[in-house]
Amino acid sequence: MQNFKINSLEEYNQAYQKSIENPSKFWAEIAENFLWRKKWHTVLKYDWSKPETKWFIGGKLNITENCLDRHLKTRGDKTAIIWEPNNPSEKAQHISYKQLHSKVCQFANVLKASNVGKGDRVCIYMPMVVELAVAVLACARIGAIHSVVFAGFSATALAARINDASCKILLTTDGVYRGSKLVALKDIADEALKVCPSIEKSIVYQNTKQKVDWNEKDVWWHDELKKVDDNCPAEEMDAEDMLFILYTSGSTGKPKGMVHTCGGYMVYAAYTFQNVFQYQENDVYWCTADIGWVTGHSYIIYGPLACGATTVMFEGIPSYPDYGRFWEVCEKHKVNQFYTAPTAIRALAKHPTTLVEKYNLSSLKVLGTVGEPINEEAWHWYDENVGKKNCPIVDTWWQTETGGMMMTSLAGITGQKPAFATLPFVGIQPSLLDDKGNELTEDAAEGILAINFPWPSLARTIYGDHERYKNVYFSAYENKYFPGDGALRDENGNYRITGRVDDVVIVSGHNLGTAPIENAIDEHKDIVECAVVGFPHDVKGNALCAYVTTYDNVQESDNLIAEVREIVSKTIGPIAKPDKIIFVSGLPKTRSGKIMRRILRKIASNDTSNLGDISTLLNPDVVQEIIENFK
Ligand code: WTA
């Protein structure tokens, strides 16, 4: 276990204070807990006018030696990964640190034999099989840069990402079962590769054993493994060498390839993991995210493994074979820390609580959420039904760009408040700004969130487009990182993320964040979920439209509409009452569960001519239905 665990509120306060007063000294002490081939000569150098940020300069390391090799002596036989299959009748796998080390080294040798070396980009388009984690770590082992593309993306989206980084190799599988549905992953990859000239080879892991087309560049994973052994010394990397690229969508145009580097990312991912979840040596930790998202990178793979933890990797979905699956898995593997997304919680809360009560969840100690603001109703459902009011909930605010958690409570150490991400993590210096960029200095305030000082895991650039990096994150406010979110702060310094600042709608001259309105509507007993957007209005400038989903047995009625308007009026004020309330069977969502308000905004504005690419949505079909209902 790492020697940097925060055990009390007092220790948190001390650590926070120290991290602000002398960041270099503070982070140097944290970094001492890792395995470095050569120590850094300078802890931090930054200039956000360029912008440039460098941590642990001169330090040499390999992150896989920290995640694997150094555990071999003390916990070689400890389970590193518990893999839980999509189909509950198949067997789970327990992979020890020794076994994982061997698999990673062996596959690293496959990559080497495929002419992949330090600095080459490898695209990984794989479902949640163990080999996905192996592939990620194998790249890191030899200094190749992994670019994981979520296996739910379309051929067009995959090709754009491969081409943006000129990837040399593609790693994929024949197919994947998602619930009871068979997805022909390789067909999608084949389609993408028609327009990806940089790809020299495609290594295919045989997962479902379905029939696939075979092309000139394809080789089977298992055939390649036969040609190599599992002896692979780790490549020595500079702290500031690239570790991976991960794409995140921008508000306009093509996705942004966020670049993370080796040293700072490792230190921050591990330090946050250990302290936010209060992980202890024999705990079983489960993050339900997909490794295709940053949450999976930092908190399924790198953070937990760097701390020698046991991390669960789940291949399936929350609804298969029924909506009790998460809880069945928690019981089966005696999960201690459970980390999921508000959208999943809301989906589960829609179903009878008997599906939770059926399982023994007494192993649970800590619950977590990430990805979007959690509304109070979902928070309480989670707290009461899953945590039995006995597990602290960590509501962790962060981003692909930030690499690790930025604002969160530390489980059981710092306080919690429903729907509040609460306090800045150690080393994080947030501020709230008004429209003109002036810092709001009063204790309780609401404004635009900014971060005033570097932390180790900040993305260093957008791959191939430093200018865009500068424009998006460092140009809005001088010498501050701009995450694009709004927040409010209570008199005790707790932060609540109010949503993207671009989700603010000005109605009759009043600034209204859509998130609190949604939160109010979600409180209604008949409403499952909603999304509120603005649309142009002759008199008010903008008016609000609420798209709502209701429980199955609820009748849509004028009465219900009146009640929804009333609850908003009561919670926020009459000004926030939506002009339109549209009942829908589902809201359009990205694969990571974010509601696509952009599409809803266009529909509300009667502008459906150009909805953009909806093929990457989780539920593209719902868009047409919403358009119909709107008429
Ligand atoms: C939102 C996910 C409120 C926020 C790790 C952020 C949240 C964006 C929270 C990043 C939270 C994430 N409370 N909002 N706990 N966590 N967000 O890059 O708007 O997929 O800017 O990273 O999600 O999403 P991303």
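Readers should treat all values here as calculations from the given coordinates under stated rules, not as data from a laboratory. Since the structure is predicted, the reported quantities are computational estimates derived from the model, not experimental observations. As a convention, Cβ positions derive from the backbone with ideal geometry for all residues, glycine included, and neighbour counts pool all protein chains shown.
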By its C-alpha gyration tensor, with a ≥ b ≥ c as the square roots of the eigenvalues, how is the stretch 9-487 shaped: rounded for a/c under 1.5, else prolate for a/b larger than b/c, else oblate? rounded
Once the dipole of the chain is set up with Lys and Arg at +1 and Asp and Glu at -1 on Cβ about the Cα centre, which of S615, P430, F107 lies farthest towards its positive end? F107
Length-normalised contact order of the stretch 503-630 in % [C-alpha pairs under 8 Å, at least 6 apart]: 22
Answer with one residue from I517, S592, G292: the one whose Cα lies farthest towards the positive end of the charge dipole of the chain, charges on Cβ with Lys, Arg +1 and Asp, Glu -1. G292
Relative contact order for the chain: what is it in percent, counting Cα pairs under 8 Å that are at least 6 residues apart? 11
Loop-resident sites, the stretch 460-539, for trypsin sites (Lys or Arg not before Pro), counting at most 13 other Cβ within 10 Å (DSSP): K525
Between the modelled labels at L9 and W220 (7 Å from Cα along Cα→Cβ) the distance in nm is 6.1
Given +1 on the Cβ of Lys and Arg, -1 on the Cβ of Asp and Glu, and no further charges, what dipole in debye does the stretch 106-181 carry about its Cα centre, rounded to the nearest 20? 80
Prolate/oblate/rounded call for the stretch 503-630, Cα gyration tensor, a/c under 1.5 rounded: oblate
For the stretch 290-311 and the stretch 440-464, what is the separation of their C-alpha centers, rounded to whole Å? 23
Looking at the chain, what % of its DSSP beta bridges pair antiparallel, to the nearest 5? 60
With r defined as the distance between the Cβ atoms of H380 and E563 and R0 fixed at 25 Å, what FRET efficiency is calculated, to the nearest 0.05? 0.80
So for the pair E442, K227, with labels modelled 7 Å out along Cα→Cβ, what separation do we get in nm? 6.9
If I model a spin label as a point 7 Å beyond the Cα along the Cα-Cβ vector, how far apart are those points for V554 and S180 in nm? 2.8
For W379, what is the net charge nearby, where nearby means another residue's Cβ is under 13 Å from its Cβ and Lys, Arg count +1, Asp, Glu -1? -4
Go through G493, L458, F474 and say which Cα lies farthest out towards the positive end of the charge dipole of the stretch 407-516; charges sit on Cβ, +1 for Lys and Arg, -1 for Asp and Glu. L458
What's the extension gain from T42 to H466 if we count 0.36 nm per residue and subtract their Cα-Cα distance? 150.3 nm
What residues of the stretch 368-406 lie in the reach of a label at E523, counting those whose backbone N is under 14 Å from a point 7 Å from the Cα along Cα→Cβ? 375-380
Report the charge-dipole magnitude of the stretch 158-207 in Debye, nearest 20, computed about the Cα centre from +1 at each Lys and Arg Cβ and -1 at each Asp and Glu Cβ. 120
Linear extension gain, N606 paired with E625, 0.36 nm per residue minus alpha-carbon span: 5.4 nm
Let me know the charge dipole size of the chain about its Cα centre in debye, to the nearest 20, where only the beta-carbon of Lys, Arg (+1) and Asp, Glu (-1) is charged. 1440
With N residues in the stretch 160-234, what two-decimal value do you get for its Cα radius of gyration over 2.2 N^0.38 Å? 1.21
Nearest 500 deg cm²/dmol is fine: what mean residue ellipticity at 222 nm does the chain get from its DSSP H runs of n ≥ 4 alone, each adding -39,500 (n - 2.57), divided by its residue count? -8000 deg cm²/dmol
Checking every Cys Cβ in the chain against the others at 4.7 Å leaves as unpaired C67, C139, C196, C262, C287, C307, C330, C391, C530, C545
Hits in the stretch 71-99: amide N under 11 Å from the 7 Å Cα→Cβ extension of E281, namely 74-75
